[in-house]
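The structure appears below as structure tokens.
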Amino acid sequence: MDPRTRLIRPLPGSISIESEGDLRILCARGELDSAVVQDFKDRQGREPMVVDAIDAGAVTFISSTGIAVMLRCLEASKAAGHAAVLRASSPRVDRVLQLSGMDGAFRRESTDQARADPR
């Protein structure tokens, strides 16, 4: 992605890795299109990140490349022995996961667990 493009038009969303104590969280917000995914890969590298949880509760649009980032992080986490959970997901994310047949791939954080540990 040409860095000058960002100066002209800000990205419609973001993907970042945030730390909460010892936990690493993949946080996605806004519109996750190919430009946002490319920006994330440019900043984090091409290798999928090992995470403990994925928070996609603030996503308003997600493309196949956004879903791919989530799946690659989930797979890398499983390979590293981490049980990554989908902590939050927006209705848009839920719908795309359902339509793609991937909704069963993500272990979801239970409502009771989320209430007990709101972070």
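Counting only DSSP beta bridges whose two residues both lie in the chain, roughly 40 percent are antiparallel. The shape of region 3-108 comes out oblate: with a ≥ b ≥ c from the C-alpha gyration tensor, a/c is at least 1.5 while a/b does not beat b/c.
Charge dipole of the chain (Cα centre as origin; +1 on each Lys and Arg Cβ, -1 on each Asp and Glu Cβ, all else neutral): 260 debye, rounded to the nearest 20.
Bear in mind these aren't lab numbers, they're just calculated from the coordinates by the rules spelled out. Just so it is clear, the model here is predicted, and its values are computed rather than measured. Positions of Cβ are generated from backbone atoms using ideal geometry, with glycine treated the same way; all protein chains shown enter the neighbour counts.
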